[in-house]
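Colleague: Structure below; questions to follow.
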Amino acid sequence: MVEIRDRFIGCLLGLAVGDALGSRLEGYTPEAVKRSNLEMPEFLDGLWRWSRGRWTDDTKMAVALAESIVNSGGFNPKQAAKKYLEWYKSGDLRGIGNVTQQSLLNLQSGASWKNSGIKADWAAGNGTAMRVAPIGLLDMNNLEKLRRDAGDDAVITHNNHEAINGSLAVAFAVARLAKGDLDLGYLINETVDFIEPSEVLLRLEIAQKLLEQGTSAEYSLADIGTGGYVVETVASSFFCFMSSPDSYETAVFNAIRGGNDTDTTAAITGALSGTYLGFEGIPLKWREEVEDASIIEELATLIYGMATKTND
Ligand SMILES: [Mg+2]
């Protein structure tokens, strides 16, 4: 039985390691990714050497959110928005998405966190689902608070129904996996029951069907999609985790082999897998060498203290 604290650490380190591994192939088509023809260990080792454990905006934003939670004694959207803006002003943007950039510019011009997010059909990117994991951890024992917090966090940048539901799906799954009392076969069913009617929901149901049919990751991800559209990213990430629940490496390998938005698909897959397996499920070398490993571990431990205290 994996300790809950180890799941919290596994979640954030799993996200960071997945992001770093996926970062070098962002934007490559699945065909181009597969051209390397390497077996899994060599393929992942090569990516690790290439990235040197350095992650991108996905982890930057998740760490900013985690820091704001720790500093504020809980989730406060105003403080989270302030942290995101601080990051933006630092200039260390690492592949920031367009919607996030525009909304942070709105914040910089004085908009409140409720009004800064882009409200448009095209604001359905994965920029909120990729960062929401710390809220899933924090609200593990209070799923209605999780619903409110994940929604409030999303609208800071993406005031879009699909983006919000993508965040809800990831936060919910992280919470259920962190708690550790879930029959894994029901994860997608429970997630679908929790979120609102949406394209995210419909695509998760397709992922579930592909899992039940035992369809290969290669075919399934081509069917679901692996672009920056949150509907594709969330369902593909769930598929990669659920099709290889006992192997962090296989889950992120499949996510990266799907091509396109490889860093974000691997980051969310890595967060789900790391939560389920605990940090020891992530190869030692990666979790030790990943950028800011000790800071990430400390943030996860502090959020663990907050999440379990509210349950007393
Ligand atoms: Mg990125």
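The values are calculated or read from the model by the stated rules, or taken from the named source; none is laboratory data. Please read these numbers as outputs of a predicted model, since none were measured by experiment. Methodologically, a virtual Cβ is constructed for each residue, glycine included, from the backbone with ideal geometry; neighbour enumeration extends over all protein chains shown. The accessibility values were calculated without ligands, DNA or RNA, using every heavy atom of the protein model including side chains. Shrake-Rupley method; radii C 1.70, N 1.55, O 1.52, S 1.80 Å.
Colleague: Please find, among G53, G22, the residue that is in contact with a helix residue (DSSP H, G or I) (Cβ under 6 Å, 6 or more places away or on another chain) and part of a helix (DSSP H, G or I).
Modeller: Working: G53 fails: part of a helix (DSSP H, G or I).
Exactly one of G53, G22 is in contact with a helix residue (DSSP H, G or I) (Cβ under 6 Å, 6 or more places away or on another chain) and part of a helix (DSSP H, G or I), namely G22.
Colleague: Let me ask something else. Of everything in segment 173-194, what is open to solvent by less than 10 Å² (accessible area, probe 1.4 Å), closer than 13 Å to R147 by Cα and among the hydrophobic types (A, V, I, L, M, F, W, C)? Give them in sequence order.
Modeller: Initially, segment 173-194 is screened for residues open to solvent by less than 10 Å² (accessible area, probe 1.4 Å), giving 173-175, 177-178, 187-188, 191.
Filter once more, so that each one left must be closer than 13 Å to R147 by Cα: 173-175, 191.
Once the filter is applied, which keeps residues that are open to solvent by less than 10 Å² (accessible area, probe 1.4 Å), closer than 13 Å to R147 by Cα and among the hydrophobic types (A, V, I, L, M, F, W, C), segment 173-194 yields A173, V174, A175.
Colleague: For segment 195-209, which positions are among the basic types (K, R) and buried (at least 18 other Cβ atoms within 10 Å of the Cβ)? Before you say what the answer is, go through the steps one by one.
Modeller: Just the residues of segment 195-209 that are among the basic types (K, R), to begin with: 203, 209.
Answer for segment 195-209, where residues must be among the basic types (K, R) and buried (at least 18 other Cβ atoms within 10 Å of the Cβ): just R203.
Colleague: Next question. Within segment 10-51, count every residue that is open to solvent by 30 Å² or more (accessible area, probe 1.4 Å) and within 16 Å of the ligand (Cβ to nearest atom).
Modeller: 5
Colleague: Please verify whether segment 210-233 includes one or more residues that are crowded, with 22+ Cβ neighbours inside 10 Å, closer than 29 Å to E280 by Cβ and within 16 Å of the ligand (Cβ to nearest atom).
Modeller: yes
Colleague: May I pose another question? Within segment 53-96, restricting attention to residues that are open to solvent by 30 Å² or more (accessible area, probe 1.4 Å) and in contact (Cβ under 8 Å) with a residue 60 or more places away in the chain, which residue is farthest from the ligand (Cβ to nearest atom)?
Modeller: The qualifying residue farthest from the ligand (Cβ to nearest atom) is G73.
Colleague: Hey, can you tell me all the residues within segment 192-233 that are of a type in the set (K, R) and in contact (Cβ under 8 Å) with a residue 24 or more places away in the chain? Give the derivation first.
Modeller: The first filter runs over segment 192-233 and keeps only residues of a type in the set (K, R), leaving 203, 209.
Within segment 192-233, just R203 meets the criteria.
Colleague: Related question: Consider only pairs whose beta carbons are under 7 Å apart and that are at least six residues apart or on different chains; among these, list those whose first residue lies in segment 248-273 and is at positive phi and away from the ligand (no atom under 14 Å from the Cβ) and whose second residue is open to solvent by 10 Å² or more (accessible area, probe 1.4 Å) and of a type in the set (F, W, Y).
Modeller: G259/Y28
Colleague: Among the residues of segment 262-272, are any more than 18 Å from G53 (Cβ to Cβ) and open to solvent by 20 Å² or more (accessible area, probe 1.4 Å)? Spell out the reasoning first.
Modeller: Taking segment 262-272 and keeping what is more than 18 Å from G53 (Cβ to Cβ), we get 265, 268, 272.
With the extra rule that they be open to solvent by 20 Å² or more (accessible area, probe 1.4 Å), the set shrinks to none.
Within segment 262-272, none of the residues are more than 18 Å from G53 (Cβ to Cβ) and open to solvent by 20 Å² or more (accessible area, probe 1.4 Å).
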